Structures are given as structure tokens and as C-alpha cells.
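The values are calculated or read from the model by the stated rules, or taken from the named source; none is laboratory data. The shown structure was predicted, so the numbers you read here are calculated from the model rather than taken from an experiment. Don't worry about glycine lacking a Cβ; one is built from the backbone with ideal geometry, like all the others, and counts go over all protein chains shown. To get the accessible areas, we keep the full protein, side chains included, count just its heavy atoms, and leave off ligands, DNA and RNA. Shrake-Rupley method; radii C 1.70, N 1.55, O 1.52, S 1.80 Å.
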Amino acid sequence: MPARLFLSSGDLMADRRFEFARDLQSKGDLAAAADLLMQAIELAPNFTSAWFTLADIREQLGEHDAAISAFRQAQASDPGDRRGAGLRLMRLGAEPLTGMPQAYVQTLFDQYASRFESSLVDDLGYRGPALLFKAVLAVRSAARKPAFFKRAIDLGCGTGLAASAFAREVDHFIGVDLSPRMVERARATGLYAELEVADMLQGLRARREASADLILAADAMVYVADIAPVLAEAARVLVPGGGLIAFTTETHDGEDVRLGRGLRYAHAAAYVRATVEGCGLQLSRLEELSARNEDHAPVPGLVVVAAKT
């Protein structure tokens with residue numbers, strides 16, 4: 001993933017102390033780095049990056065309460081929470097599990113756009129689109145229907161990896177992504193007839209009822225805590241009698257939804273199954289398959305296909 005977003009304090013001396021602190025942190029001298037960050041914060045009390053980095057160091061040092069306090073300061077100093085301090089508070093058990101701030105997701109992928117494909121495919125062995133393609137083909141074959149779709153919506157389209165996998169089977173592709181820079185790269189592929197900068201739910205709400213034959217969400221549901229609203233809108237937008245939604249998500253052996261170490265949501269299989277059916281969709285396929293690696297090991301995941309009957 002990209003380097004952490006740096007938000008300048010506007011004070012040159014504070015920014016320099018932050019840079020020195022980051023250098024010390026990278027060398028493992030956490031106590032000295034924390035001291036320098038406190039100096040930077042004294043000069044610039046609303047220095048978001050300093051508060052966030054200090055919180056990270058406090059957590060590494062096992063100073064749980066101090067980490068929570070610093071993450072709260074980081075969150076308060078940047079109302080959009082572009083650094084994701086609220087997510088870290090959830091991970092520490094200081095806040096209930098909720099959705100991700102849009103500003104955080106947009107900032108993350110705007111930073112990531114220039115090297116998204118090389119990092120995801122080459123470094124993390126990303127295989128989400130291929131898994132979805134295989135699953136959709138299997139569902140269509142079992143239903144004795146052709147795997148061709150007039151209109152498809154690619155939610156969280158990124159740079160167009162999912163559209164590339166399905167390009168020969170889709171006549172009209174619509175891409176939706178919260179990151180303007182990702183959308184720029186998707187546009188350059190020439191795979192999409194339409195592209196929109198929006199989150200997944202907004203993108204679906206803008207579409208007419210029964211207007212899509214296929215909806216894809218490859219490695220996108222991991223940024224959504226409660227997938228029910230997205231699935232409910234998908235059910236509205238899909239054509240009846242076999243319109244499909246296919247998505248990947250990360251999973252775990254427990255119940256409901258968790259926020260993982262990588263700040264991505266993991267959805268239990270039972271939760272996914274119940275949510276799909278509760279939104280008026282028929283579950284066609286649910287497989288335990290990993291769409292990517294992390295630390296050189298497959299991340300537990302699900303490949304899901306559901307139909308509008």
C-alpha cells in the first residue's frame with residue numbers, strides 16, 4: 001500500500017521534527033521518536049500526522065490508553081479522517097465497528113493509483129477478477145444460460161482489472177469508484193462506456209430499476225462494514241430472472257463482521273449467506289477462496305455469486 005499520507009502542520013520547525021521522528025521510528029528508536037513528535041505537537045497542536053504517528057508508536061510500545069488518546073486527537077484534528085484514525089480506534093476496541101470514512105478511502109486510493117496494478121498483482125498475487133469470472137461462468141453453465149451480459153456495473157472498479165477479465169462477455173460496462181485518480185486510469189483502458197466517481201451505494205442508487213444484467217465487486221466489499229445496503233440496491237438494479245451480482249470479500253471463522261489487521265473488513269460466511277438472502281437475492285455460489293496474499297500467505301476469502309430471481 002502507499003506511504004502514509006503526510007498532512008503538513010504549516011509550521012516548518014514542527015514538520016522538520018516530524019521528519020526526524022519518522023527517521024528514528026524507522027530505525028526502531030520509538031521512545032526518541034515519540035519525544036520528537038511531542039515537540040512537534042507543542043509547536044503545532046493540530047498536527048494530524050504527528051498525532052497519528054505518535055498514536056502508532058504508543059500502540060507499538062504497548063501503551064494502549066495513550067494510543068487511544070493520540071488517535072482521538074488525530075481524528076479531531078482532521079474532520080474528514082483522511083488518515084483513518086477512527087479505524088485504528090475500532091481496532092483498539094475504543095469505538096464500535098462502523099463504516100469507513102469516504103475521505104479515507106478516496107485518499108488511500110488516490111495515493112495508490114499510480115502503482116495499484118503492479119502492487120496488487122505482482123506483490124500480492126491478486127486473483128479476484130479471475131475467480132469471479134470462473135464463478136460466474138459456472139453459475140451460468142449450471143443454469144444453461146449464455147455467459148453474455150448486455151449491461152454490467154463494476155463497483156469499486158479501480159483501474160479496470162475486473163472489466164478486463166469480463167470484457168468479451170459484456171456489451172456495455174459501467175465503472176464506479178470513489179477515487180478520481182482510479183477512474184482516470186480506468187478511463188484510459190477504453191473498457192468502460194460510462195464511469196462515475198462515487199461510492200458503491202451512491203453508484204447503484206443512480207441506476208434505474210432492472211437496468212443491469214451483472215454487477216461485480218472485486219476486492220471492494222472489504223471496504224464496506226455492512227454489505228446489506230449495497231446488496232439491497234443491487235437487487236433493485238438487477239434484471240429479474242437471472243441478473244447476477246458477483247463479489248469477493250475476506251472472511252474469518254467467527255461471526256458477523258470484523259476489522260482485520262490490514263484495516264479491511266472480513267465477513268463471516270454465515271453473515272454473507274444470511275445477508276444475501278435477506279436482501280431478496282438467491283445465493284448461487286459461495287466458495288472459500290483467497291483473492292490475494294498478505295505476508296506471503298493467502299488471505300481467507302469468499303467468492304460469492306447471487307441471482308435476482
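Things to note:
- Restricting segment 11-49 to trypsin sites (Lys or Arg not before Pro) in coil, as DSSP defines it, with at most 13 other Cβ within 10 Å: Lys27
- Only the Cβ atoms of Lys and Arg (+1) and of Asp and Glu (-1) were treated as charged; on that basis the dipole of segment 8-127 about its Cα centre amounts to roughly 180 debye.
- The chain: most fluctuating residue of Leu155, Leu24, Leu54 per GNM, C-alpha cutoff 10 Å: Leu24
- Cleavage-rule hits, GluC sites (Glu not before Pro), segment 224-309, DSSP coil, Cβ neighbours within 10 Å at most 15: Glu255
- Residue-count net charge about Ser69 - beta-carbon cut-off 10 Å; Lys, Arg +1, Asp, Glu -1: 0
- A cut-off of 5 Å between modelled amide H atoms, ignoring neighbours fewer than 5 places along the same chain, links Thr251 with His267, Gly301, Leu302.
- Cβ-derived FRET efficiency at R0 22 Å, Ala143 paired with Ala228, nearest 0.05: 0.30
- Neighbour net charge for Pro298 - beta-carbon separation under 13 angstrom, K R +1, D E -1: -2
- Counting only aspartates and glutamates at least 8 places from Lys150 when in the same chain, those with an alpha carbon closer than 12 Å to its own are Glu169, Asp171, Asp213.
- Overall, the accessible surface of segment 26-92 at a probe of 1.4 angstrom is composed of carbon and sulfur to the extent of 46 percent.
- Dividing the Cα radius of gyration of segment 45-92 by 2.2 N^0.38 Å, with N the residue count, gives 0.97.
- Per-residue HN-Hα couplings for segment 257-264 [Karplus 6.51, -1.76, 1.60; θ = phi - 60°; Hz; x = Gly/Pro]: 10, 10, 9, x, 4, x, 6, 10
- The longest part of the chain holding none of the exposed loop chymotrypsin sites (Phe, Trp or Tyr not before Pro), meaning those outside H, G, I, E and B in DSSP with at most 16 other Cβ atoms within 10 Å, is 149-309.
- Net charge of Cβ neighbours under 11 Å - reference Ile153; Lys, Arg +1; Asp, Glu -1: -3
- Structure-based [θ]222 nm, the chain - -39500 (n - 2.57) summed over DSSP H runs of at least 4, per residue, nearest 500: -13000 deg cm²/dmol
- Rolling a 1.4 Å probe over the heavy atoms of the protein chains gives segment 43-148 an accessible area of 47 Å² per residue.
- Projected label distance in nm at Met38 and Ser26, using a 7 Å step from Cα toward the beta-carbon: 2.5 nm
- Annotation for segment 261-308: trypsin sites (Lys or Arg not before Pro) lying in DSSP loop with at most 13 further Cβ atoms inside 10 Å of their Cβ are Arg261.
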